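Contents: one structure, followed by commentary.
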Amino acid sequence: MKAHDALYIDGEWRPAATTGTIPVINPADEQVIAHVPAGTAEDVDAAVRAARAALPGWAATPPADRAARIAALRDVLAARADEIAATVTAELGAPPKLAAAVHTGLPIAVAGSYAELAATHPFEEKVGNSTVLSEPVGVVAAITPWNYPLHQIVAKVAPALAAGCTTVLKPAEDTPLTAQLFAEAVHEAGLPAGVFNLVTGLGTVAGQALAEHPDVDLISFTGSTAVGRRIGALAGGAVKRVALELGGKSANVILPSADLARAVATGIANVMSNAGQTCSAWTRMLVPAERYEEAVALAAAAAAKYVPGERLGPLVNAAQRERVRGYIEKGVAEGARLVTGGPRAPLATGYYVSPTVFADVTPEMTIAQEEIFGPVVSILRYEDVEHALALANGTVYGLAGAVWGDEEEAVAFARRMETGQVDINGGRFNPLAPFGGYKQSGVGRELGAHGLAEYLQTKSLQF
Ligand code: NAD
């Protein structure tokens with residue numbers, strides 16, 4: 001795989017301050033495919049200074065002109081879609097179809113949505129005798145995970161650019177090649193130097209330096225709750241804005257009136273997609289007691305269709321595979337019934353985990369409470385709707401969820417769920433709808449106009 005041995009700072013590819021590198025590994029065959037620079041605090045400082053210097057010019061650029069640049073960026077991404085999909089497959093292990101549709105198509109659509117929003121958003125409004133101005137927050141630090149490499153970048157950088165902010169991106173160690181492609185696209189799209197900067201590196205070095213940098217105005221982080229908590233504390237200490245997209249343990253609530261076969265099949269597909277590495281995955285399936293065994297059998301049959309190495313990709317790295325296997329072993333040890341799958345490696349090479357379904361999961365079990373981030377579904381039994389609601393709301397998380405059944409009942413149930421998104425009877429993902437968490441799933445919202453608002457601050461002029 002082609003890789004830059006440099007960082008993208010102030011409109012050019014520059015060598016890092018030190019010579020350390022990070023290997024990039026293809027998780028499907030465990031081969032090293034590239035090396036990228038391990039940026040340090042010195043590189044982060046150079047990138048933040050470039051972003052700061054570019055801020056006045058970009059903030060003063062009329063929204064219509066910012067929109068045109070973002071549209072150009074969208075067009076470059078679309079023109080290079082095949083290359084992007086191949087890169088995501090190489091460094092994340094996503095099966096080619098998923099890489100093309102979700103990992104490439106979705107972020108292109110999101111970039112397009114921000115070209116439109118930049119052009120149409122009312123950055124000025126009248127409130128009584130005041131004019132309220134929406135101004136860019138300033139220099140944005142974007143720290144992203146590996147699970148949706150391009151989407152996570154675009155969901156931060158595109159609204160930041162639309163708002164008039166300048167950015168420094170520190171992408172995940174496992175997927176820096178997609179980030180380098182994005183930087184190339186930014187360059188090709190003609191964004192002014194310094195408006196977007198890329199520093200690859202370790203989270204504990206480059207990520208930490210970026211989060212701590214005094215000249216960053218807003219930190220937007222997606223990743224683990226553990227790191228998110230630390231970044232939130234840092235931001236609080238420095239009194240700067242922060243947006244956190246963290247983990248989830250979302251409930252797929254199947255009401256008695258539901259089309260069971262469809263609800264179970266869609267629920268399993270939702271978890272198995274991207275090998276379970278989706279923060280909003282519906283990893284807890286809640287089924288009425290009277291239909292429980294029927295649902296378990298349907299789930300096992302649906303999961304069996306996800307053949308490792310074909311429809312089911314590997315996990316991103318060896319550590320994640322070990323982590324997921326550990327959770328599966330814990331599920332067995334705590335008394336859940338392993339219906340299909342298990343901790344044994346399904347293939348000799350690659351970080352694969354078998355599609356795994358647990359039945360007889362009770363709410364206090366670890367696999368009912370903690371985010372596993374792998375192809376593992378826990379099926380819980382409920383007695384009545386109040387019980388289902390208690391189970392659905394019974395974790396520290398609240399990122400997403402689903403409800404199946406009579407629409408009126410399903411909506412009434414969804415209104416009582418402590419979660420940021422609920423899909424009713426298989427409602428489609430909407431890239432304009434606000435995405436983000438209740439409770440420990442995070443702070444703030446991404447996507448659409450709500451996502452743009454994260455990067456704006458308001459000023460009121462009175463007349
Ligand atoms: P992570 O939180 O360690 O990493 C996310 C990003 O933060 C990466 O870019 C990383 O380099 C950076 N980072 C790490 N430590 C940092 C620090 N001290 N300061 C600043 N930045 C730092 O997540 P991970 O190791 O990639 O994944 C671990 C778990 O996180 C997963 O198993 C999953 O539960 C969760 N996760 C959630 C999401 C999500 O979308 N909500 C995405 C990926 C992972």
(Q) Of all residues being near the ligand (Cβ under 7 Å from one of its atoms) and touching a residue at least 40 places away in the same chain (Cβ under 8 Å) in the stretch 229-247, which is surrounded by the most Cβ atoms within 10 Å (Cβ to Cβ)? Just the residue, please. (A) Glu245
Q. Just checking, how many residues over the stretch 248-272 are polar (S, T, N, Q) and within 14 Å of the ligand (Cβ to nearest atom)?
A. 1
Q) Any idea which residue in the stretch 339-377 is most open to solvent (accessible area, probe 1.4 Å), counting only those that are touching a helix residue (DSSP H, G or I) at 6+ places or on another chain (Cβ under 7 Å), more than 21 Å from Gly394 (Cα to Cα) and among the aliphatic types (A, V, I, L, M)? A) Val339
Q: Confirm whether Glu135 is at pLDDT 95 or above, part of a strand (DSSP E or B), open to solvent by 10 Å² or more (accessible area, probe 1.4 Å) and in contact with a Gly (Cβ under 8 Å, 6 or more places away or on another chain).
A: yes
Q. Filtering the stretch 401-417 down to residues that are assigned to a loop (DSSP other than H, G, I, E, B) and open to solvent by 20 Å² or more (accessible area, probe 1.4 Å), which residue is farthest from the ligand (Cβ to nearest atom)?
A. Asp406
Q. Conditions: (1) within 16 Å of the ligand (Cβ to nearest atom); (2) at pLDDT 95 or above; (3) over 19 Å from Asp423 (Cα atoms). Thr225 meets all but one. Number of the miss?
A. (2)
**Q.** Check on Gly398, part of a loop (DSSP other than H, G, I, E, B), within 15 Å of the ligand (Cβ to nearest atom) and open to solvent by less than 40 Å² (accessible area, probe 1.4 Å)
**A.** yes
Q | Filter result for the condition that a residue is buried (at least 24 other Cβ atoms within 10 Å of the Cβ), modelled with pLDDT of 95 or more, farther than 26 Å from Ala86 by Cβ and within 12 Å of the ligand (Cβ to nearest atom), over Ala162, Ala141 | A | Ala141
**Q.** Matching residues in the stretch 1-21 - criterion: being open to solvent by less than 20 Å² (accessible area, probe 1.4 Å) and in a strand (DSSP E or B)
**A.** Leu7, Tyr8, Ile9
Q | In the stretch 174-217, the residues that are more than 14 Å from the ligand (Cβ to nearest atom), part of a loop (DSSP other than H, G, I, E, B) and open to solvent by 10 Å² or more (accessible area, probe 1.4 Å) | A | Gly190, Leu191, Pro192, Ala193, Pro214, Asp215, Asp217
Q: Mind listing whichever residues of the stretch 227-243 are touching a strand residue (DSSP E or B) at 6+ places or on another chain (Cβ under 8 Å) and outside any helix (DSSP H, G or I)?
A: Lys240, Arg241, Val242, Ala243
Q.
Being assigned to a helix (DSSP H, G or I), touching a Ser or Thr at 6+ places or on another chain (Cβ under 8 Å) and surrounded by 21 or more Cβ atoms within 10 Å (Cβ to Cβ) is the filter here; which residues of the stretch 28-49 pass it?
A. none
(Q) Going by what's in this entry, would Gly420 be described as open to solvent by less than 30 Å² (accessible area, probe 1.4 Å), under 30 Å from Lys330 (Cβ atoms), assigned by TED's automatic domain parsing to the domain that holds Ala304 and in a loop (DSSP other than H, G, I, E, B)? (A) yes
Q. What are the pairs, 6+ residues apart or on separate chains, where a residue within the stretch 101-117 that is under 16 Å from Glu83 (Cβ atoms) has its Cβ under 8 Å from a residue that is of a type in the set (Lys, Arg) and surrounded by 17 or more Cβ atoms within 10 Å (Cβ to Cβ)?
A. Ile108/Arg74; Ala111/Arg74
Q. Considering the stretch 287-338 alone, what residues qualify as being open to solvent by 30 Å² or more (accessible area, probe 1.4 Å), more than 25 Å from Glu364 (Cβ to Cβ) and assigned to a loop (DSSP other than H, G, I, E, B)?
A. Lys305, Val307, Gly309, Glu310, Arg311, Asn317
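The values are calculated or read from the model by the stated rules, or taken from the named source; none is laboratory data. Here the structure is a predicted model, which is why all the values come from computation and not from measurement. Ideal geometry is used to build each Cβ from the backbone, glycine not excepted, and the neighbour counts take in all protein chains shown. Keep in mind that these areas ignore ligands, DNA and RNA; they rest on the heavy atoms of the full protein, side chains included. Shrake-Rupley method; radii C 1.70, N 1.55, O 1.52, S 1.80 Å.
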